[in-house]
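A.B. asks: My questions all concern the structure below.
The values are calculated or read from the model by the stated rules, or taken from the named source; none is laboratory data. From a predicted model like this one, the values you see are computed outputs, not experimental measurements. Every residue, glycine as well, gets a Cβ built from its backbone with ideal geometry; the counts of neighbours run over all protein chains shown. To get the accessible areas, we keep the full protein, side chains included, count just its heavy atoms, and leave off ligands, DNA and RNA. Shrake-Rupley method; radii C 1.70, N 1.55, O 1.52, S 1.80 Å.
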Amino acid sequence: MHLLMIGGSDAGISAALRARELDPGADVTVVVADAYPNFSICGIPYYLSGEVGHWQNLAHRTIADLEAAGMGLRLDTTARRIDVADRKLLVTSPGGAEEVLGYDKLIVGTGAVPVRPPIGGLAGPDALGADDGVHLLHSMGDTFAVMRTLETTAPASAVIVGGGYIGLEMADALTVRGLAVTQMEQLEEVLPTVDPQLGALVHAEMTGHGVEVLTGTTVQAITRAAAGQVGRLEVQATEADGTPVTRPADMVLVVVGVRPDTALAAGAGATLGFKGAIAVDEKMRTNLPDVFAAGDCVVTHHRLLGQTYLPLGTTAHKQGRVAGENALGGNRRFAGSLGTQVVKIFDQAAARTGLRDHEATAAGLDPVTVGSEADDHKAYYPGSHRIAMRVTGDRTTGQLLGLQLFGHKHAEIAKRIDIAAAAIFHHMAVDAISDLDLSYTPPLGSPWEAVQMGAQAWTRETRQR
Ligand SMILES: Cc1cc2nc3c(=O)[nH]c(=O)nc-3n(C[C@H](O)[C@H](O)[C@H](O)COP(=O)(O)OP(=O)(O)OC[C@H]3O[C@@H](n4cnc5c(N)ncnc54)[C@H](O)[C@@H]3O)c2cc1C
């Protein structure tokens, strides 16, 4: 059995590792367009901030580790065409020569590419790029380009276009590095994946650390600065009412989301689904015989929403593992995502799982969201922090639908959101959260865990409505 994976990031490598784990005799080859298999691109901001000392430390596993696990790596090798009928893959090798690789089962893990928004200066023959200090950020190659700008031009200021989680992490990172950062977000609040009430707390944390945050601000163009102007670049934007805003900057980072990289699979006849991602079933099978797909290039099965597109590293790992198992003839299903995520912003963290009101309403549910606060541990023990919570439950069924949290980075926000993720996964009612037997000692918690107090606030409030 010869398994061939395209893509050496979370999905492709998880598939290869699982296949080798289940069948140490399986012949597994991973084709990777660059020379950086199994890198934690989620850690890029912490390398760029200087908190992670060397880029090599971002490797989940070294090349030697991967080879020791029994997979063959074809680095700097780009897959060009899938011949489904003959089960062959045409690739371009590092020297540029074309080569044909045969397979019994193929797993496509081509991931996503950063969105290049329609901003003047980003496209066309005179487009600004890394040499001008204008960057997109997704791969290790992008990371090296940003580091080159930081090290060789010593920028004093940066504009970050986009206030999603990667934009926020990079605002934190560049501030830690000593740059003056302006963040521009076209929506009404930063971190639009949480309710604006929590987004406003994130906003305040950014401002408190010296980041200039301009919300409701749409970037129109990036240009080279005129001679004698401050900064190498100028960013031109408009506020919601049309008022023009300009900022000088030595570098600009454009991080406004990703789109699935599907050209290869689509060229072979793969059906595309939600947001143009590759359509797969719960076993990660595409419509093409013997071709599986996983990670940021595929649609996401959501436990509450059905099909959506929610590109996350955690999901890519799970889907890759399922694809690797099933490519060997297994019968594993991807159980579905809840969109559980957490982000650190300076000294705080924000997290969410499940649905917010508008998402639940669109799914035909009857949501109510109740905001509350609780201490992360008994307030009499030094170092306690308040946690802001927003619990979403279904008014009709009482089922827990979602939780959003904001609190200090040492307030166990990530693990607390996971309590709710586990509860939603198992279809628990909001009221039943109080029955969970959770741990307690005053320096670390309270007899009623914060999430249980949030659930009780929801139950109290909805009973009165
Ligand atoms: C800065 C940053 C921070 C992030 N932080 C988080 C986080 O905190 N938590 C979280 O859950 N997620 C996070 N993510 C998202 C997460 O990294 C992705 O969801 C995950 O990496 C997707 O993995 P993937 O294998 O599907 O695709 P990708 O990581 O996009 O990798 C695609 C792979 O395919 C290869 N490839 C593509 N085309 C070809 C071809 N034709 N031939 C050969 N090889 C090819 C590429 O070289 C690459 O190896 C972050 C992403 C970024 C950029």
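A.B. asks: Would you pick out the residues in the stretch 326-347 that are open to solvent by 30 Å² or more (accessible area, probe 1.4 Å), among the hydrophobic types (A, V, I, L, M, F, W, C) and away from the ligand (no atom under 12 Å from the Cβ)?
C.D. replies: L328, A335
A.B. asks: With the requirement that a residue be in contact with a Gly (Cβ under 8 Å, 6 or more places away or on another chain) and of a type in the set (D, E, K, R), what does the stretch 321-352 give you?
C.D. replies: Across the stretch 321-352, the qualifying residue is only R352.
A.B. asks: Restricting the search to the stretch 132-143, which residues are within 14 Å of the ligand (Cβ to nearest atom), surrounded by 14 or more Cβ atoms within 10 Å (Cβ to Cβ) and not charged (D, E, K, R)? Explain how you work it out, then say what you get.
C.D. replies: The first filter runs over the stretch 132-143 and keeps only residues within 14 Å of the ligand (Cβ to nearest atom), leaving 135-143.
From the residues that got through so far, the ones that are surrounded by 14 or more Cβ atoms within 10 Å (Cβ to Cβ) too are 135-140, 142-143.
H135, L136, L137, H138, S139, M140, T143, listed by residue number.
A.B. asks: Also, I was wondering about something else. If you scan the stretch 420-465, which residues turn out to be open to solvent by 60 Å² or more (accessible area, probe 1.4 Å) and part of a helix (DSSP H, G or I)?
C.D. replies: Matches in the stretch 420-465: F425, D431, D435, M453, R460, E461, R463, Q464.
A.B. asks: Which residue is farthest from the ligand (Cβ to nearest atom), if the candidates are limited to the stretch 19-37 and must be farther than 21 Å from W55 by Cβ and open to solvent by less than 30 Å² (accessible area, probe 1.4 Å)? Full working, then the answer.
C.D. replies: Going residue by residue through the stretch 19-37, those that are farther than 21 Å from W55 by Cβ are 19-29, 31.
Retained after the next criterion (residues that are open to solvent by less than 30 Å² (accessible area, probe 1.4 Å)): 19, 26, 28-29, 31.
On the way: A19: 15, A26: 20, V28: 15, T29: 12, V31: 5 Å.
Here the answer is A26.
A.B. asks: Does the stretch 163-175 contain at least one residue that is of a type in the set (D, E), under 24 Å from E205 (Cβ atoms) and in contact with a helix residue (DSSP H, G or I) (Cβ under 9 Å, 6 or more places away or on another chain)? Walk me through how you get there before you give the answer.
C.D. replies: Narrowing the stretch 163-175 to residues of a type in the set (D, E): 169, 172.
This time we only want the ones that are under 24 Å from E205 (Cβ atoms), so: 169, 172.
Among the residues that remain, those that are also in contact with a helix residue (DSSP H, G or I) (Cβ under 9 Å, 6 or more places away or on another chain) are: 169, 172.
Yes.
A.B. asks: Looking at A350, A323, A316 in this structure, which one is part of a strand (DSSP E or B) and either surrounded by 23 or more Cβ atoms within 10 Å (Cβ to Cβ) or within 13 Å of the ligand (Cβ to nearest atom) (or both)?
C.D. replies: Values: A323 fails: part of a strand (DSSP E or B); A316 fails: part of a strand (DSSP E or B).
The match here is A350.
A.B. asks: With the stretch 1-100 as the region, which strands (runs of 3 or more DSSP E) entirely inside it contain at least 3 residues that are touching a residue at least 24 places away in the same chain (Cβ under 8 Å) and hydroxyl-bearing (S, T, Y)?
C.D. replies: Values: elements: 2-6, 27-31, 71-74, 78-83, 88-92.
So the answer is none; nothing clears 3.
A.B. asks: Within the group G129, G111, which residue is under 23 Å from R259 (Cβ atoms), open to solvent by less than 40 Å² (accessible area, probe 1.4 Å), free of Cβ contacts under 8 Å to residues at least 40 places away in the same chain and of a type outside the set (V, I, T)? Step through it out loud before you land on a result.
C.D. replies: Details: G111 fails: free of Cβ contacts under 8 Å to residues at least 40 places away in the same chain.
Unique residue meeting the criteria: G129.
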